[in-house]
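Enquirer: Following this message is one structure expressed as structure tokens.
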Amino acid sequence: MYLILLFPLFLVQACSDPPEPVNEIPSEMTEISDASSHLVFKLTAAAQARIKTALVEQRLLSQVIVAPGGVSLDLGKMAKVSSRLEGQVEEVFVQLGNHVKAGDPLLAIGSLKLDELVQEFLVSKVQVDLRLANFQRTKKLHDEQIVSERRLMEDQAQYFEAQAINQHVTEKLQNMGLLKKDLNELLHSHTMEGHHYIIKAPLAGIISDQTVVLGQGVSTGDHLFEVVDIRQVWVFANLPIEQAQRFKEGDRGIILAKGREPIEAPLAYIAPVADKATLTVQLRFDVDNRQELLKPNEYVEVRLEEGASSILAIPVTAPTIVEGVQGVFVKDGNGYRFIPVMLGKESDGWIEVLEGLATGDEVVIEGVFDLKNSMLKHSIEGDGH
């Protein structure tokens, strides 16, 4: 049986289970009557003043999908730094937490292997110059028909061989961080002592890990530093397959971290394969983090919004639950009655109505708690009779 009340209202039907306890409130009902099988409550003007209503209406609402996410380093913005040769650390230029630019020196390693390579470089350069001079002389004699073609070809081959050896050693030194100007200095100074292998930052970022100290011996491949650039990070989230299929690369998501401003980011990657255990699909967002609001390895909330559609909706403050039944209070003449409803998706302070209401119905959006309490109080008093 439906229940009509005039302001803060009350029960549609009694339940065999004991009613939930309510706080004792002063009665604001002036009259109760029965009309067309509806209980009608007439309330004081003061009680009515606390009630506020809104019309059920068609609205354009988009569905917001919320998923837990995690912040990760952009793998293209991080580097693990190791040594390419054995030696001893003779100077450390940075420490944990320092900001560096690409090319900044990180540490200097003294190495016998480097000295050997410098020697090979100098000797190979001398050999190149010698073979070139010999080839040029032989070519001149060949042009005068003094030496044979075979002799010219032999001297040319020796010159090319010397060039290849010199180039190979040069590339080894350059891979160790020596620049072209450094090699030119070697050629002019002709010194082979006191050279250091300088390890430099491969990218701009922060020293996030350091495992090396002054005087430490290092071997080829030893991990020394980690450099990360957190000005751009990845945020991963997982959605059920049916939800993930609604989105495409380029869609925008909102990243929410506790206590910080929301960040909008593009959906950059949708995994082509679902996770076997959870049957979810991984999504990746490329997030501009120049303000360093997000910290790698922290948890965040990811929100994705689907395209808007026209639906029947009411404010989210209208629905309530009375004795296990979800519904709303609807204005009916001079009173209010409780109507069960079926609700759908929620967005921007509105919630979709699937069943129970029609466009133009007037629902209570403020004073719902008072109406519910009055319903329960009337039910208790009714049971007492």
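Enquirer: Among 114, 183, which is the only one that is touching a helix residue (DSSP H, G or I) at 6+ places or on another chain (Cβ under 7 Å) and assigned by TED's automatic domain parsing to the domain that holds residue 93?
Expert: Only one candidate passes the filter, namely 183.
Enquirer: Right, next: Within the range 299-308, count every residue that is closer than 15 Å to residue 265 by Cβ and among the acidic types (Asp, Glu).
Expert: 2
Let's see how each residue does on (1) of a type in the set (D, E, K, R); (2) within 30 Å of residue 219 (Cα to Cα):
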| position | (1), (2) |
| --- | --- |
| 117 | no, yes |
| 130 | no, no |
| 137 | yes, no |
| 147 | no, no |
| 152 | no, no |
| 161 | yes, no |
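Enquirer: List, please: which pairs have Cβ atoms under 8 Å, are six or more places apart or on different chains, and start with a residue in the range 321-348 that is acidic (Asp, Glu) and end with one that is at pLDDT 90 or above?
Expert: Correct list of pairs: 346/316.
Enquirer: Which is within 30 Å of residue 355 (Cβ to Cβ), in contact with a strand residue (DSSP E or B) (Cβ under 8 Å, 6 or more places away or on another chain) and among the aromatic types (Phe, Trp, Tyr), of 225, 247, 236?
Expert: Testing whether each residue is within 30 Å of residue 355 (Cβ to Cβ), in contact with a strand residue (DSSP E or B) (Cβ under 8 Å, 6 or more places away or on another chain) and among the aromatic types (Phe, Trp, Tyr) leaves just 247.
Okay, residues lined up against (1) more than 30 Å from residue 106 (Cβ to Cβ); (2) assigned to a strand (DSSP E or B); (3) in contact (Cβ under 8 Å) with a residue 60 or more places away in the chain; (4) of a type in the set (A, V, I, L, M, F, W, C):
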residue: 207; (1), (2), (3), (4): no, yes, yes, yes
residue: 225; (1), (2), (3), (4): no, yes, yes, yes
residue: 233; (1), (2), (3), (4): no, yes, yes, yes
residue: 243; (1), (2), (3), (4): yes, no, yes, no
residue: 261; (1), (2), (3), (4): yes, no, no, no
residue: 303; (1), (2), (3), (4): yes, yes, yes, no
residue: 311; (1), (2), (3), (4): yes, yes, yes, yes
residue: 314; (1), (2), (3), (4): yes, yes, yes, yes
residue: 317; (1), (2), (3), (4): yes, no, no, no
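Enquirer: Still on this structure: Could you please find all residues in the range 46-68 being part of a strand (DSSP E or B) and of a type in the set (A, V, I, L, M, F, W, C)?
Expert: 54, 55, 60, 61, 64, 65, 66, 67
Enquirer: Condition first: at pLDDT 95 or above, over 19 Å from residue 229 (Cα atoms) and out of contact with any Phe, Trp or Tyr (no Cβ under 6 Å at 6 or more places or on another chain). Can you find one or more residues in the range 304-317 that meet it?
Expert: no
Enquirer: Additional query: Out of everything in the range 328-349 that is farther than 15 Å from residue 53 by Cα and aliphatic (A, V, I, L, M), what residue ends up being nearest to the chain's Cα centre (by Cα)?
Expert: 343
Residue-by-condition table, conditions (1) at pLDDT 90 or above; (2) at positive phi; (3) over 54 Å from the mean Cα position of the chain (by Cα):
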| position | (1), (2), (3) |
| --- | --- |
| 42 | no, no, yes |
| 46 | no, no, no |
| 84 | no, no, no |
| 98 | yes, no, no |
| 101 | yes, no, no |
| 118 | no, no, no |
| 130 | yes, no, yes |
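Enquirer: Can you find a residue that is aliphatic (A, V, I, L, M) and either under 30 Å from residue 260 (Cα atoms) or part of a loop (DSSP other than H, G, I, E, B) (or both) anywhere in the range 325-343?
Expert: yes
Enquirer: Would you mention how many residues in the range 92-106 are within 14 Å of residue 224 (Cα to Cα) and touching a Gly at 6+ places or on another chain (Cβ under 9 Å)?
Expert: Result for the range 92-106: 1.
Enquirer: Could you tell me which numbered condition residue 293 fails, if it satisfies all but one of (1) out of contact with any helix residue (DSSP H, G or I) (no Cβ under 7 Å at 6 or more places or on another chain); (2) modelled with pLDDT of 90 or more; (3) not in a loop (DSSP other than H, G, I, E, B)?
Expert: (3)
Enquirer: Further, regarding this structure: What are the pairs with Cβ atoms under 6 angstrom where one residue, in the range 270-284, is in contact (Cβ under 8 Å) with a residue 40 or more places away in the chain and the other, located anywhere, is surrounded by 11 or more Cβ atoms within 10 Å (Cβ to Cβ) and assigned to a loop (DSSP other than H, G, I, E, B)? Sequence gap at least six, or different chains.
Expert: 281/271; 281/274; 282/271
Enquirer: Let me ask something additional. Exactly one condition in (1) over 30 Å from residue 254 (Cα atoms); (2) at pLDDT 90 or above is not met by residue 334; state its number.
Expert: (2)
Enquirer: Could you tell me whether any residue of the range 91-112 is surrounded by fewer than 18 Cβ atoms within 10 Å (Cβ to Cβ), without any contact (Cβ under 8 Å) to a residue 60 or more places away in the chain and either in contact with a His (Cβ under 7 Å, 6 or more places away or on another chain) or not in a strand (DSSP E or B) (or both)?
Expert: Within the range 91-112, one or more residues are surrounded by fewer than 18 Cβ atoms within 10 Å (Cβ to Cβ), without any contact (Cβ under 8 Å) to a residue 60 or more places away in the chain and either in contact with a His (Cβ under 7 Å, 6 or more places away or on another chain) or not in a strand (DSSP E or B) (or both).
Enquirer: Only one of (1) closer than 30 Å to residue 234 by Cα; (2) of a type in the set (Val, Ile, Thr); (3) touching a helix residue (DSSP H, G or I) at 6+ places or on another chain (Cβ under 7 Å) fails for residue 138. Which number is that?
Expert: (1)
Enquirer: Take residue 128 and decide whether it is in contact (Cβ under 8 Å) with a residue 24 or more places away in the chain and either basic (Lys, Arg) or outside any loop (DSSP other than H, G, I, E, B) (or both).
Expert: It is true that residue 128 is in contact (Cβ under 8 Å) with a residue 24 or more places away in the chain and either basic (Lys, Arg) or outside any loop (DSSP other than H, G, I, E, B) (or both).
The values are calculated or read from the model by the stated rules, or taken from the named source; none is laboratory data. Note that the structure is predicted; figures quoted are calculated from it, not measured. Note that each Cβ is placed from the backbone with ideal geometry, even for glycine, and that neighbours are counted across all protein chains shown.
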